[in-house]
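Beneath this line is the structure, given in structure tokens, with notes to follow.
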Amino acid sequence: MDRRYFIGILVATLIAAPASAQQNPSDVIKRQLDAFSSDDFEEAFEFASPDLQRIFATWQNFRAMVLSGYPMVHRNRSVQFLNQHLDDGRYWQYVRITDMAGKAHVLEYQMQEVPQGWRISAVQFVENAGPNV
């Protein structure tokens, strides 16, 4: 095998690896939660869908929204990934997050697949989450 051919395949594989690492929606959510826990809101903002990025415009605006409306994603005691489902062509992932005070919150993440991989396009609280979540 020609050495240049081998190096070309190796480079192509390495370039593609970061995108393929994000192909699982749960992994994207986990990576965003990890960024929040490290206070890296700029990185966390990268996991938001293009529409959310346009709405918030800057990672600083995104940070303010997270801290005021979703403090449990910034600092939490535990995270548990629950069921996923498709609804009208949209992928949703349920996540149970226990905040630092020990209160459990069930959040539903809407995911959007874009050329760069999966991105988070919405997060909403699930009230009275039943056993099917």
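The values are calculated or read from the model by the stated rules, or taken from the named source; none is laboratory data. Please read all numbers here as calculations on a predicted model, not as lab measurements. Cβ sites come from the backbone with ideal geometry, for glycine too, and all protein chains shown count toward neighbours. The area values use the complete protein model at the heavy-atom level, side chains included, leaving out ligands, DNA and RNA. Shrake-Rupley method; radii C 1.70, N 1.55, O 1.52, S 1.80 Å.
Inside segment 33-44, can you point out the residues that are open to solvent by less than 30 Å² (accessible area, probe 1.4 Å) and over 17 Å from Q110 (Cβ atoms)? Break it down into steps so the answer makes sense when it comes.
Residues of segment 33-44 that are open to solvent by less than 30 Å² (accessible area, probe 1.4 Å), as a first pass: 33, 35-36, 41, 44.
Passing the criteria: A35, F36, F41.
Scanning segment 49-61 for residues that are surrounded by 15 or more Cβ atoms within 10 Å (Cβ to Cβ) and either touching an Asp or Glu at 6+ places or on another chain (Cβ under 9 Å) or charged (D, E, K, R) (or both) gives Q53, W59. Sort out which residues of segment 84-123 are on the phi < 0 side of the Ramachandran plot and loosely packed, with under 11 Cβ neighbours inside 10 Å, and write them in order of number. Correct list: L86, D87, A101, K103, P115.
I'd like to check something: does segment 79-95 contain any residue that is at pLDDT 95 or above and over 22 Å from Q23 (Cα atoms)? No, segment 79-95 has no match at all. The set of residues in segment 92-117 that are in contact with a Phe, Trp or Tyr (Cβ under 8 Å, 6 or more places away or on another chain) and touching a residue at least 40 places away in the same chain (Cβ under 8 Å) comprises Q93, V95, Y109, M111, Q112.
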